[in-house]
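Structure first, commentary second.
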Amino acid sequence: MKQKLYIIILLISLILSGCSPDKDIKGSQGKDASKVLEASSAVIEDETPSPEAKTEPATPPTSQEANKAPEKAPNPQEANEDDTVVPEVSGPKIVDGFVLLSSLDKNLVIDLKYATQDNFTGQVVYPTAIAVLRTETAEKLAAANRELMALGYRIKVWDAYRPVSVQVIFWDLVQDSRYVANPYKGGSIHNKGSAVDITLVDSSGKEVEMPSGFDDFSERASRNNPNMSSEARKNMQLLTDIMVKHGFTYIDSEWWHFNDSNAKKYDIVDIDLSLFLK
């Protein structure tokens, strides 16, 4: 705008100087015009960017935080691995080929009747309340228990390995080989650690209905008892089917008694149950 204004002023000055007869005025106007041209040139030079001029880019603000390398984001998995405390897991308690049942399967319900007075003798006949079996037999029992748990039941153990000295006591009280094996004629498979006396409990720990109670030395304990209820027969059959599936056999006179099918390969032994307390 300034450049155009100076050009217009210059043209007006030249016209006026051409019309005036006064030379001094003309000369004066010529000098003024020269000054205007010089001034306009100076203004144009001031407004024209110098070719040497450079525009510096704006410098973003810097800070100590911006100059630092970004920190690695925490890995939740690494934190968990560092913080998680893995509980110590102890294996089953095994002594001379026998295993403590409670250490092998904590879901088994242990209720050793002969370690209490709640049995047919009316007295405590086991030196300690410890249930043990041959390792192979115990593993079969644990497998049967796992399958029964999936159906809402658990196995309750009434008797497992039985010391030979206890077998003698039983024979002296009940000399009937249908219910008590003669210790002087081969003894019991319990004395080998390859037999169990068991029943079933439900999810609340209550014993289910069976043909009879434990150590009922009568026809009521027989699998062939025609007078048992349909519920008792169903429960007995469920327990029998699962036990047979996992390598056990049964006898007809006692619905609760099961033998390891491989019991023949074991000998009768008299082990010190206190070894399992160490």
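The values are calculated or read from the model by the stated rules, or taken from the named source; none is laboratory data. This is a predicted model, so every value here is computed, not measured. Here Cβ is always computed from backbone atoms with ideal geometry, including for glycine, and neighbour counts include all displayed protein chains.
Before moving on, here are some points about what is shown:
- Residue within region 161-173 that is under 19 Å from GLY247 (Cβ atoms) and surrounded by 22 or more Cβ atoms within 10 Å (Cβ to Cβ) present: yes
- When ASP241 is tested against (1) more than 33 Å from the chain's Cα centre (by Cα); (2) among the acidic types (Asp, Glu); (3) at pLDDT 95 or above, only condition (1) is not met.
- Within region 92-141, considering residues that are in contact with a Ser or Thr (Cβ under 7 Å, 6 or more places away or on another chain) and basic (Lys, Arg), the one surrounded by the most Cβ atoms within 10 Å (Cβ to Cβ): ARG134
- Region 192-250: number of residues that are of a type outside the set (Asp, Glu) and without any contact (Cβ under 8 Å) to a residue 24 or more places away in the chain: 18
- Meets criteria (at pLDDT below 95, within 40 Å of the chain's Cα centre (by Cα) and either surrounded by 13 or more Cβ atoms within 10 Å (Cβ to Cβ) or of a type in the set (Lys, Arg) (or both)) for LEU275: yes
- Among (1) in a loop (DSSP other than H, G, I, E, B); (2) among the acidic types (Asp, Glu); (3) farther than 29 Å from VAL164 by Cα, the one test that ASP216 misses: (3)
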